């Protein structure tokens, strides 16, 4: 066997390089500990999760579940299904084990539900925001009060709603419906103004108000959407319109998450359409009365969710639907001003298709964070997965 004749100088160089690599790893903002599956069943299409950590340490992951249409012989899976509904699973041991049988959160009386977005209030109350689609015979649609938004023939948008739990998700009450905002031009299948809706994280401010960045359809052809802020002063029972967040004549803004900074700014992280998949940001410095002009963050990713870390920094997670498909993250400073320069961290790059992502994170302790998302391998069953990350000191 050939043995390299290491010299003293070579060994010294190896030691230096080992130290450099170790220092580089230590300097990285994140380190992945492990990946795992939270829920997978080949009979079901599981997607669009959110997560909270209960005061007792229990983890609660909500997601949308529907029959796996490919398993039934159909050509492809669909994000809109008449039999989609909101479910949850729990972990009592910080993600080591999960409940095998999902618990029902809510099944909409008039159609399929999408994207359960959990918010845990400081008093422990849970809110879950969602939206739905009604399924009618296609020939009925021209008889409805126009305009209505059809996802495909006979699939009509219902708008948003919320359900609430005061016992840790053991039971849920509702639905209640948020305000219909004036920028929204579509109507529901019963002719009513559409209740506000969106996919993304709501936030509870220091003053107890709740902030929700919702979407509105501005035009019919071509359909273009914008983002707007609605606010609740009564823990989500009622909502009022506050201000436009991001409106543009060419770029669409839709799925969005919001966070409040230590300085009191409201920062909204926005998914776009017609903008080469670039992620954008909008900031309010006056408590949501107005927002500064939206900014291109300079990189691709969608949708986004932000959580406050123990050291005050912000973990921003997002899906990456370009080769290599997966999930990514950045650690921002407390005020989220370094979004253009914060290094990107790849959580997963082994996805099988673009149909994945929608990550949501929650801190576990001072150093570890759980990130949940939906995933697929080589086009296999869409399932809910998770990753544990370790956060290095700044």
How about region 355-366: which of its residues are in contact with a strand residue (DSSP E or B) (Cβ under 9 Å, 6 or more places away or on another chain) and at pLDDT below 95?
-> 366
Return the only residue of 162, 158 being touching a strand residue (DSSP E or B) at 6+ places or on another chain (Cβ under 6 Å), closer than 22 Å to residue 51 by Cα and buried (at least 20 other Cβ atoms within 10 Å of the Cβ).
-> 162
Examine region 87-110 for a residue that is over 30 Å from residue 383 (Cβ atoms) and either free of Cβ contacts under 8 Å to residues at least 60 places away in the same chain or out of contact with any helix residue (DSSP H, G or I) (no Cβ under 7 Å at 6 or more places or on another chain) (or both), and state whether such a residue exists.
-> no
Could you say whether any residue in region 339-350 is buried (at least 20 other Cβ atoms within 10 Å of the Cβ), more than 30 Å from residue 42 (Cβ to Cβ) and in contact with a strand residue (DSSP E or B) (Cβ under 7 Å, 6 or more places away or on another chain)?
-> yes
Check off (1) touching a strand residue (DSSP E or B) at 6+ places or on another chain (Cβ under 9 Å); (2) closer than 23 Å to residue 37 by Cα; (3) surrounded by fewer than 21 Cβ atoms within 10 Å (Cβ to Cβ) for residue 57 and give me the number that stays unchecked.
-> (1)
Is one or more of the residues making up region 321-329 farther than 21 Å from residue 210 by Cβ, touching a residue at least 60 places away in the same chain (Cβ under 8 Å) and in a strand (DSSP E or B)?
-> yes
Going through region 128-148 one residue at a time, which ones are without any contact (Cβ under 8 Å) to a residue 24 or more places away in the chain and either part of a helix (DSSP H, G or I) or under 18 Å from residue 172 (Cα atoms) (or both)?
-> 138, 139, 140, 141, 142, 143
Does residue 192 satisfy being farther than 26 Å from residue 118 by Cβ and either surrounded by fewer than 23 Cβ atoms within 10 Å (Cβ to Cβ) or touching a strand residue (DSSP E or B) at 6+ places or on another chain (Cβ under 7 Å) (or both)?
-> yes
Could you say whether any residue in region 309-320 is over 22 Å from residue 390 (Cα atoms), part of a loop (DSSP other than H, G, I, E, B) and out of contact with any helix residue (DSSP H, G or I) (no Cβ under 6 Å at 6 or more places or on another chain)?
-> no
Of (1) at positive phi; (2) free of Cβ contacts under 8 Å to residues at least 24 places away in the same chain, residue 235 satisfies every one except (2)
Reported set for region 319-338 where residues are closer than 17 Å to residue 369 by Cβ and surrounded by fewer than 18 Cβ atoms within 10 Å (Cβ to Cβ) is 333, 334
Does at least one position in region 294-305 carry a residue that is part of a loop (DSSP other than H, G, I, E, B) and in contact (Cβ under 8 Å) with a residue 60 or more places away in the chain?
-> yes
Meets criteria (more than 24 Å from residue 218 (Cα to Cα) and either in contact (Cβ under 8 Å) with a residue 24 or more places away in the chain or surrounded by 14 or more Cβ atoms within 10 Å (Cβ to Cβ) (or both)) for residue 125 = yes
Does region 335-342 contain any residue that is in contact (Cβ under 8 Å) with a residue 40 or more places away in the chain and outside any loop (DSSP other than H, G, I, E, B)?
-> no
Tally the residues that are in contact with a strand residue (DSSP E or B) (Cβ under 7 Å, 6 or more places away or on another chain), surrounded by fewer than 24 Cβ atoms within 10 Å (Cβ to Cβ) and within 15 Å of residue 233 (Cα to Cα), restricting the search to region 207-220.
-> 3
How many residues, within region 57-86, are under 17 Å from residue 170 (Cβ atoms) and without any contact (Cβ under 8 Å) to a residue 40 or more places away in the chain?
-> 1
Positions within region 360-376 being farther than 19 Å from residue 99 by Cα, surrounded by 14 or more Cβ atoms within 10 Å (Cβ to Cβ) and without any contact (Cβ under 8 Å) to a residue 60 or more places away in the chain, in sequence order = 367, 376
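The values are calculated or read from the model by the stated rules, or taken from the named source; none is laboratory data. This structure is a prediction, so every number in the text was calculated from the model and none was measured. When we count neighbours, we look across all protein chains shown, and the Cβ atoms used for this are built from the backbone with ideal geometry, even at glycine.
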